[in-house]
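Structure record follows, encoded as structure tokens.
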Ligand SMILES: Nc1ncnc2c1ncn2[C@@H]1O[C@H](COP(=O)(O)OP(=O)(O)O)[C@@H](O)[C@H]1O
Ligand SMILES: [Mg+2]
């Protein structure tokens, strides 16, 4: 698929931008702080319902406005489509597809994008939250109903935690745990779906990550991706849903006293992590800066490869300020690995950082104003 038009109204520093695109490579050039990332971030918001930079959607709305609108026109094969989202400072965000209201969490059904950015290093280096976010984005695209499962799980988890907190003030002997049992059951059934999908997503990523890493660095390296989960301890990667649910139930029972003491749920997919290994060592804490970068790029490349087999075809590939971070060798390899994708959007402060690409259109971005530039 590719975007043919993107409109931003009151989106960050873009008061009103209207950009027409063609397939192939489109370049956005401008000094730092002008609004290049804001353009591609808006596409991420349409693809995932949230920014890759912040979870606070208020930050996306122009500081002088209360509502922001991002709208895109898309083409896939011979079909055209529109998706838009309005972000509200006071109230909930609303999304539409072809003019009809849809849930924000269902946006991944309509627009697929993969964004490469310096923030990708956080997937490897930061808290488990980043890695869960990464794999949950992947499974929400591969299996769209997982978006609903994940948000239901988060809601049920909040309810269970608040019940646990209120039970803390009740003397042990007088605690009625029957309501808790209802939440436990929901946690296990929704959580099992998430664990099963994450496991399947991680398995599906493995080969593409190995290939992508080889393509970026130019040599073969052993790579593993493993889910780290208290529920899945000693459970084989191809375990059935039933087996996962059984293990989950057992783990919940074992953790009950602890959960009641602490007033929070200590087992489940919200506590899990993904272990990334390179050359039989964890990437986090062991790999060099260059290896870590290559690994992060490989994760994103693998994601793009997985998404392209979906019914929507190629995801929109976005390279936000990544070339400046890479040596010449990896710049070339990354560009070569992505050259067959239908649409690639590249942002850079200066053209010199960009490896040879077949650039179809170029825009300058200055103080939130996007202007078509001559190709040189
Ligand atoms: N909510 C907002 N309202 C107005 N301006 C914003 C908002 N959020 C960010 N900005 C401005 O956007 C600019 C950063 O844009 P960005 O796209 O990240 O720059 P770059 O061109 O370096 O990628 C900064 O000048 C920042 O002040
Ligand atoms: Mg930027």
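Results, tabulated for the structure shown:
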item	result
Separation of alpha-carbon centers, the range 1-26 and the range 140-182, rounded to whole Å	41
Average projected area [Cα convex hull, the range 47-100], square nanometres	4.3
Euclidean distance between Cα centres, the range 53-78 to the range 243-279, Å	35
Principal axes of the range 251-327: Cα extent on each, largest first, Å	51, 37, 24
Translational diffusion coefficient (Stokes-Einstein; Kirkwood radius from C-alpha pairs) of the range 62-161 at 4 °C, 1.567 mPa s, in µm²/s	82
For q = 0.10 Å⁻¹, Debye-computed log10 I/I(0) when each Cα of the range 1-141 counts as one equal scatterer	-0.33
Geometric extent, Cα atoms of the range 121-307 - Rg, Dmax (angstrom)	18.4, 65
Cα pair distances of the chain binned at 20 Å [whole percent]	27, 54, 18, 1
The chain - share of DSSP beta bridges that are antiparallel (%, nearest 5)	70
Exposure proxy ranking, count of Cβ atoms within 10 Å, fewest first, for 36, 247, 372	372, 247, 36
Mean ellipticity per residue at 222 nm, deg cm²/dmol - from DSSP H runs of n ≥ 4 across the chain, formula -39500 (n - 2.57)	-13500 deg cm²/dmol
Calculated Rg and Dmax of the range 186-254 using C-alpha coordinates, Å	15.0, 48
Cα long-axis angle, helix 36-48 against the chain (0 to 90 degrees, to the nearest 10)	40
Whole-Å distance, taken between Cα centres, linking the range 295-338 and the range 204-240	18
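Values quoted throughout were computed directly from the atomic coordinates according to the rules given, and no laboratory measurement underlies them. Computed from a predicted structure; not experimentally measured. Because the Cβ atoms are built from the backbone with ideal geometry, glycine has one as well, and the counts that use them run over all protein chains shown.
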